[in-house]
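The structure appears right after this line, and notes come after that.
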């Protein structure tokens, strides 16, 4: 009975783990980190009342948001107004479906063959992530449009134009990585980086991808859709309570998933160091472990933690950039997207392909 | 698989007829374009299904061509509609019959 | 055919190809090259592209002992059998005329480089001349009738282009058109002859047709076809050589530059008819009637043209009618089965008539394009070289011994005398007298008496006078190539031609009396002319009895009345009734019908996309039902 | 009736229902949103057929880009019902009649062609890689390379044309000026 149920349990476990970590852990922690780091950068103290170092501040905020009265401004287009936050969260949640967060494992010998630490193994791989993230624009767009508020509409329009524009550049950067690794599968992509992380041969792709994901997640310096100085807070001006909370959650969730993808694509995922894998380390230390974790499940957990560490570093980069760089103007944003990043990405693909054909 | 190509083609036909009917009865250009996409999608489904039936990827290749055409057509058509709206303050195609005989 | 010659067969091929290709190549170059090379170099190189072929022809002429067929490639092949070969037949007839064409052609190229100096069409002129030489060589050397026809049409085209060379004046352009159209009538005869010969013998090679004539006995149908072919050839030859009834174009052709008149309309192209008649002589021998026709046409043309020439005042018109008249002599000789005499006269005529034309050109050039003899006079002091060379030319054509014209004309007239046909004898002798008279008239009016013109005359530049002197020399010694027995000569040309043509053996006695009579006649005529015109003051024969000569027998008017007006009426009928009434009516009717239908169908264009789509659906239904195959 | 079949019938029904909603909901924004649902169902159908790559592309390009353009323009214009024109352009009856006729003809064709009624072969019977990016690319970039090139040229031309169209009246619309340039 257990053997039959095991794969299902494993799947359920992965899903729960993901949602637990992301929506229960990462997002609240990220909000706390954001506030703390901003305080640090701006030479303030930041949240310090709720719990040690204000760690429980996010929890308190969450409870407040849930318990708040659900306001419904006058003149909103009701179905879309309620639909929008949901539409914003769904793609964010879906994007985790294909993210592997550790090496294939037998879970300490529970399985005969190593199982991927990945909810679903679609053979479209990283393209699925692009597809899903491209859907996240609807939440923003509908929210802005249904709010019956000029600022919101402007924010929504900006967001949709911006997301479409930068999706192109991001997609082309991903194509370069696909070229380099020869696969769209994220696990294979990590394995292909065991000797050399893609950041080195794909440096220009990374250079394109990084601004593109900043723009796609509507983060500073590209958060024109919610720029406070111009549009109040843009598309979610009219949202409050848990509906606003969902937008907030979606933003951090998608930030996390994109950071993870970025790590997987460019920074070797859970690989220890270029040319020096975890197995090499275990062998050097004579532990007798493998990343498959057959003898000791720690052999799997340590690389996973290493992966999460890298993702956290990336998330920190997001926060750091947000509180350091000023906002672009809207026309600058567009001209960077269409006139700089897109040609650069195309050129990069061409040169990479030519070099790969030659070498 | 216990459904045949005919099942899928029936769906395609249904979608196509729905799209075409929508195209016929609509007066505003954006809705008509949306219905056009519906028709294209119906065709795409049949292409991929036929590819599946024959076990080759030629259907996919055609699918890609169609999707490219659809993207170009949408972009250009919407740009035209925007220009039309500037000129006529309306996107009803009845208002754009200057060239009729 | 194996040639017994001292040069290899490849060499002959190369030389023959060079003769044709160099002028053809040149013709494609000079008209645009003048801008880059300048007049001087175009003149030099344009002359070289004819002079080098002349040298090549000389080599061939001296080295070839036997007639030879030089085959280059097959032009038209039917059923794997070559119908039309691109091949040259090099025999005495064609080599001799080739020498004349390239030789005189070279001289006239030299002359032209002086005559055409400063003309804006200088390069074009040399291109045309080169093209003419190419076409003429094709005409005289080709073995296959279509290839000959190519040359035949080519010289016609060049003639047209050169007559209307100064096409900005309407008269020149219409003269060119007239020449071309009249020539087309002759070409029609040539084509008919070609069709008949193909029908009769199934081939188009001259050599094979003549061989077929010689070897086999011909069936009645073949005989009939050859007689039709002969008539066609007579028509063609009459057109090209300006004989009755198709002579009207040649006087008008004088509108072209004078070197053209000398080369094309005196020395070479117009002799093509004579050449063709000699070439296909066996065909004519088979049809005695056609020979008679040739003889009578020639004699009549000679006489009538001479009578007209007496009353012309335009120096070139006089020479033009003189040319027609002399060509008549040649035709007469061919018709009387004396091709050697005809050919001999052709050669000497080429020399002295070219000389006369070029001399006239020199006068015209010196007088700034004045052609009216009544406005000349007294030029012998001002243009001494022209005067002396012209004098030689006049004496030669008048038949004063020992110049070339004397011997060749004597040969022709002997033939005429032998024929025992009273009319021909009368025409021949009367023409001889008239020739001497009108040439004397031209000579006296131009060079003697007082100067009646306006411009100050001057001698022509060196290239022109050089050519005049060379041609004068040739006119003096040209007779030597067939110097008759009774004057102690060897009649070399007769021997040379004996292999390729058939002669009527001459029976007449060349007594001293007849000789004195002929020479005396010429002297008397010249004296008469000198006496009458030495103090010419613009008065000529006043009598209206001569009006008919002055008006050239009203031939142009008759042709205009009989052919041109009726053709014009037919054209108007076609234009007004057939084209505007029926064809345009049908067209306009169909257009109106389409308009009406469109007016009704217009209503389908609602401008509503949906309607169109609905119609597309209907079309889809029709397609689906239409392509239904059933089971 | 196995799981796949159940899923297939559910998807088919969803496709037709959402298709109908796309076609007949009066407001363009509703049509556009139902179109997304329709495309997602289509994508699911592709997954069911085993064409994972096409499924992803369906979402990525159709739902993620093309329909976004629609919603974008709808929001940009933000038309009132009069401007939208909600009355029917062509009589209903004609549509029903014609589509019915075509449907009958199609049905006849289907019935007349029994091989169409055979079950689709299981995926394992085909090459196991059918529908993946690798095998598709091998076909598309080798056998159909010219259609690939044509598609590229078409896209380039579309970019140019839309740019031209957007710049045609630079002063007519102020609010969405730079936006509409950039949706190209």
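No lab work stands behind these numbers, since they all come straight from the coordinates. None of these values were measured; they are calculated from a predicted model. FYI the Cβ positions are ideal-geometry reconstructions off the backbone, even for glycines, and counts take in every protein chain you see.
If you take the alpha carbon atoms of the stretch C:287-550 and fit the smallest convex hull around them, that volume is 125 Å³ per residue. Within chain A, the proportion of Cα pairs with more than 31 Å between them is 39 percent. A Förster radius of 60 Å combined with the Cβ-Cβ distance from residue D:137 to residue A:50 puts the calculated FRET efficiency at roughly 0.65. Placing a label point 7 Å from the Cα of residue C:168 along the Cα-to-Cβ direction, the residues of the stretch C:79-119 whose backbone N falls under 20 Å of that point are C:115-119. Between residue A:9 and residue D:78, the distance separating the two model label sites (each 7 Å from Cα on the Cα→Cβ line) works out to 5.6 nm. Segment residue C:517..residue C:551, full-extension length gain: 9.1 nm, with 0.36 nm per residue of separation and the alpha-carbon distance subtracted.
Evaluated at q = 0.17 Å⁻¹, a Debye calculation over the C-alpha positions of the stretch C:427-476 (equal weights, vacuum) places log10 I(q)/I(0) at -0.82.
A simple spin-label model places the labels of residue A:188 and residue C:224 9.2 nm from each other, with each point 7 Å out along Cα-to-Cβ.
Each stretch of four or more DSSP H residues adds -39500 (n - 2.57); spread over every residue of chain B, this sum gives -27500 deg cm²/dmol at 222 nm.
Counting every other Cβ atom within 10 Å of each residue's Cβ, C:166, C:30 order from fewest to most as C:166, C:30. Each residue in A:346, D:95, C:315, D:10 was given a count of other beta-carbon atoms within 10 angstrom of its own, and listing them fewest first yields D:10, A:346, D:95, C:315. In summary, the convex hull built on the alpha carbon positions of the stretch C:272-385 has an orientation-averaged projected area of 7.5 nm².
Computed over the stretch B:5-91, relative contact order equals 27 percent, with contacts defined as Cα pairs under 8 Å that lie 6+ residues apart.
Remark: C:602, C:279, D:25 ranked as C:602, D:25, C:279, counting other beta-carbon atoms within 10 Å and listing the fewest first. Relative contact order of chain A, taken over Cα pairs closer than 8 Å and 6 or more residues apart, is 23 percent. Let me make sure I get this right: for the stretch A:46-98, a, b and c are the square roots of the gyration tensor eigenvalues over alpha carbons, sorted descending. Under 1.5 in a/c it's rounded, otherwise prolate if a/b > b/c, else oblate. Which is it? Oblate, because a/c is 1.5 or more while a/b does not exceed b/c.
Measuring how big the stretch B:5-91 is from its alpha-carbon positions, Rg and Dmax come out at 15.4, 50 Å. Annotation: for a label point projected 7 angstrom from Cα along Cα→Cβ of residue A:358, residues of the stretch A:182-209 with backbone N closer than 17 Å are A:201-204. Hydrodynamic analysis of the stretch A:197-273 uses the Kirkwood radius over alpha carbon pairs. Inserted into Stokes-Einstein at 37 °C and 0.692 mPa s, it gives a translational diffusion coefficient of 233 µm²/s.
By the helix-only formula, in which each DSSP H run with n ≥ 4 contributes -39500 (n - 2.57) and the sum is divided by residues, chain A has a 222 nm mean residue ellipticity of -20500 deg cm²/dmol. Determine the shape class of the stretch D:1-81: with a ≥ b ≥ c the square roots of the Cα gyration tensor eigenvalues, call it rounded for a/c under 1.5, and otherwise prolate if a/b is greater than b/c, oblate otherwise. Taking the square roots of the gyration eigenvalues as a ≥ b ≥ c, the stretch D:1-81 is oblate.
With the helix formula -39500 (n - 2.57) applied to DSSP H stretches of n ≥ 4, chain C reaches a computed 222 nm mean residue ellipticity of -22500 deg cm²/dmol. Can you classify the stretch D:127-168 as rounded, prolate or oblate using the Cα gyration tensor, where a ≥ b ≥ c are the square roots of its eigenvalues, rounded means a/c under 1.5, and otherwise it's prolate if a/b beats b/c and oblate if not? Note, shape of the stretch D:127-168 comes out prolate.
Shown is the FRET efficiency for residue A:113 and residue A:298, computed with R0 = 25 Å from the Cβ-Cβ distance and rounded to the nearest 0.05: 0.80. Averaging the sequence gap over all C-alpha pairs within less than 8 Å and six or more residues apart, then dividing by the number of residues, gives the stretch C:125-183 a relative contact order of 28 percent. Using r as the Cβ-Cβ distance of residue A:41 and residue D:96, and R0 as 60 Å, what FRET efficiency do you calculate, to the nearest 0.05? Calculated transfer efficiency: 0.35.
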